[in-house]
Amino acid sequence: MTYFKALAAGTLVALAAPAAAQTQLSIATGGTGGVYYPMGGGLAEIINNNVDGYSATAEVTGASVENMGLIATGDADLAIALADTVAQAHSGTGRFEGQQLEMVRGLASMYANMVQIVALESSGITSLEDMRGMRVSIGAPGSGTEVNAAAILEANGISYDDIDEQRLNFNETADALANGDIDAGFWSVGAPTSSILNLSTTNGIVVIELSEEELAAAQAADPTFAITSLAGGTYTGVDEDIAVLGIPNVLVVSSEMSDDLAYALTSAMFENIADLQAVHPAANETTVEFTISATPVPLHPGAIRYYEETGAEIPDRLRP
C-alpha cells in the first residue's frame, strides 16, 4: 500500500508503507564447530524467506540439554537436540530426573549424529580401553555429546573415575588435541564436521572403532543408538569405513506453539529442503520418512497436519 503526504502547496508525495511487524523466532542450536549451528542458520533463512510475519535467528548454545531448558522456559522457540536427550526431557528421566518437560513436541527429525571418538595417531590410543587414565573430552556441559559419552563409557565399564574428563565444546576439543592438552575426545555430531575436518588437515588422527561387543553394550544401555557407518575418506587420513553409533537429531518446539505456526514452519522446511541441503549435506537425511521412523516424542499437531497432507501415516506413539 502507498501512503501520501500533503505538502503546503497541495502537492502529494508518495511515501513507502511502513514495514509489517515481524515476530522474532529464536532457534537454539549448539557451538559453531558442529552441525547444529549451520543447520539452524539455514532453517532461519528458510523461515525468513517463506513464513510471512516471522523472522528467525540461530543462537549459539551449549546444545541438547541446554536447548531443552530453553524450550521449557520459552527462551527459544525451536531447538535441535539429540533424540535420547529429547526423550529424557519429555519423560523426566536421566539428566531430567524430577523435571519432566512434557510440553516438548517434535516438528521433524533432521539427520543422524555419529558418535566420533578421535585421538591423534601419535597418542597410541586405538580402543575404548586405551582411554583409561587418559585426558578425555566428553563434550560441552549440557550437550548431547556429554550424554552420549557417559552412556557409552558406562555401558562398557568405564567411569569418570577411570579417566581425566574434560568438558570442552567441539572447537575446544580439536584445539586441545592439536596442542597436546588432551588425549582423546568425543563428538556426537553429523559427519563431516568442521572441527574434525580442520584437525585432520594439520594432524594425523584416528577415529576409534568400537568392537561389536562395545557397540551392543551401548545399544542395550540406550535403545536410541543405532549402528551406522562413517565413510572412509570423510576425514583426511581416515581411509576405511568405520562402524559408529548413530543417533537422530530432532527439531523440537513447545506444545504451546500455535498449530498454524507449527504447520507453516514444517511446510516451509520440507518444501524448501534443497536450500537446507545447500547449507550442509546432513540435510539430505531430512525427510518425512526419517521423521516418522526416528522421532522419539509426540509430534506437534501442526506438524502432523503437514505430514498427513503428504500422505504419511502417523503412528499412535507420535500423536500427543
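Quick note: the coordinates plus some simple rules give every number you see, no bench work behind them. Quick caveat, the model's predicted, so the values are computed rather than measured. Because the Cβ atoms are built from the backbone with ideal geometry, glycine has one as well, and the counts that use them run over all protein chains shown.
Taking the alpha carbon gyration tensor of the range 113-247, what are the square roots of 5 times its eigenvalues, largest first, to the nearest whole Å?
Values: eigenvalues 78, 59, 38 Å².
Working from the Cα gyration tensor, I get semi-axes of 20, 17, 14 Å.
I need T287, T224, T173, T29 ordered by Cβ neighbour count within 10 Å, fewest first. Let's see the in-between values first.
On the way: T287 17, T224 20, T173 30, T29 27.
So the ranking, lowest neighbour count to highest, is T287, T224, T29, T173.
When you filter the GluC sites (Glu not before Pro) in the range 198-288 for DSSP loop state and at most 14 other Cβ atoms inside 10 Å of their Cβ, you are left with E240, E256. Express in whole angstrom the spacing between the alpha-carbon centres of the range 79-158 and the range 43-71. The two parts, judged by their Cα centres, are 22 Å apart. Per residue, the chain reaches -10000 deg cm²/dmol at 222 nm when only DSSP H runs of four or more residues are counted, each adding -39500 (n - 2.57).
Taking 2.2 N^0.38 Å as the expected size of a compact globular protein, what ratio does the Cα radius of gyration of the range 89-189 give against it, to two decimals?
1.19
Taking other C-beta atoms within 10 angstrom as a stand-in for reagent exposure, M134, M114 fall in the order M134, M114, fewest first. Cα centroid separation, the range 174-193 to the range 296-313: 37 Å.
Test of the criteria: in the range 61-139, which GluC sites (Glu not before Pro) are in a DSSP loop and have at most 16 other Cβ atoms within 10 angstrom of their Cβ?
Numbers: sites: E66, E97, E102, E121, E129; in loops: E97, E102.
Sparse-neighbourhood loop GluC sites (Glu not before Pro): E97, E102.
Under the rule a/c < 1.5 gives rounded, and otherwise a/b versus b/c splits prolate from oblate, where does the chain land using the Cα gyration tensor? Cα axes put the chain in the prolate bin.
For the chain, modelled as a Gaussian network with Cα springs under 10 Å, which listed residue fluctuates most, A151, A119, A63? Of A151, A119, A63, the most mobile in the Gaussian network model is A151.
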